[in-house]
Amino acid sequence: MSRILIVEDEARITAFLEKGLAAIGYATSVASDARDGLAMARTGDFDLIVLDLGLPDRDGMEVLRDLRETDGRTPVIILTARADVGDTVSGLDAGADDYVPKPFRFEELLARVRVRLRERRAPEPTVLRAGDAALDLRTRRVSIADRSLELTAREFALAETFFRHPGQVLSREQLLSHVWGYDYDPGSNVVDVYVGYLRRKLGGDRIRTVRGMGYRLEAVGPAT
Ligand code: CA
């Protein structure tokens, strides 16, 4: 199991990340200021570090520079509300591996976490399957039997979330945070609307409504 250190002072974002990363099987630890963050990062106990720049005691960039003096290897993904190009460049110069501007969608951060962790171990499959439906992560297309479907970016992100958890009930809240991000209104019906779009494209029987709980991707047709 990969261990991820989250250095972030905003409780809402920390909770969102911890919950999301734990749900897909990562072990997480949290530091809410630069001092603790650096001390924990230096233990070498983590496979990846998610680092906020706006910390209460010191700037995250200083944490990164100090860490890189002794540890040039552990991947660091910077998370920040400062999103201009100059910041990106100085973050990467200071030894960050990637840079995610806030607000971010969970799936976007997750994709980057996977890439950084993957560089250190065996590749993961690039095609996810459920019955005769297949989702290709490289070409970002979905096909059913031999028929290829056009999906918008948001529809693809939603489909990807389902295909990563086939047969599992996903709540509206889970889907909302995975695909739309933590800053999205929890009262929104956007999940239901997009599930409707996906059903129209994939076929109505593939995404089942589980009353009072959420939605589930069904394997329909023979496995390909
Ligand atoms: Ca902050």
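A compact table of results
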quantity: Counted residues, segment 16-61 - those being part of a loop (DSSP other than H, G, I, E, B), within 16 Å of the ligand (Cβ to nearest atom) and either polar (S, T, N, Q) or under 26 Å from Asp185 (Cβ atoms) (or both); calculated: 1
quantity: Unique match (being outside the structural domain of Ala23 (by TED's automatic domain parsing), surrounded by 15 or more Cβ atoms within 10 Å (Cβ to Cβ) and not β-branched (Val, Ile, Thr)) among Phe156, Phe104; calculated: Phe156
quantity: Long-range neighbours under 6 Å by Cβ, at least six apart or interchain, first residue in the same structural domain as Tyr184 (by TED's automatic domain parsing) and farther than 18 Å from Leu64 by Cβ within segment 1-14, second part of a strand (DSSP E or B) and within 15 Å of the ligand (Cβ to nearest atom); calculated: none
quantity: Cβ-Cβ under 7 Å pairs, at least 6 apart or on other chains, segment 177-203 side under 12 Å from Ala157 (Cβ atoms), far side in a loop (DSSP other than H, G, I, E, B) and hydrophobic (A, V, I, L, M, F, W, C); calculated: Gly181/Phe104
quantity: From the options Thr152, Thr161, residue that is closer than 18 Å to Asp192 by Cα and out of contact with any strand residue (DSSP E or B) (no Cβ under 9 Å at 6 or more places or on another chain); calculated: Thr152
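The values are calculated or read from the model by the stated rules, or taken from the named source; none is laboratory data. Just so it is clear, the structure is predicted and the values come from calculations on it, not from any experiment. Note: ideal-geometry Cβ built from the backbone for every residue, glycine included; neighbour counts use all protein chains shown.
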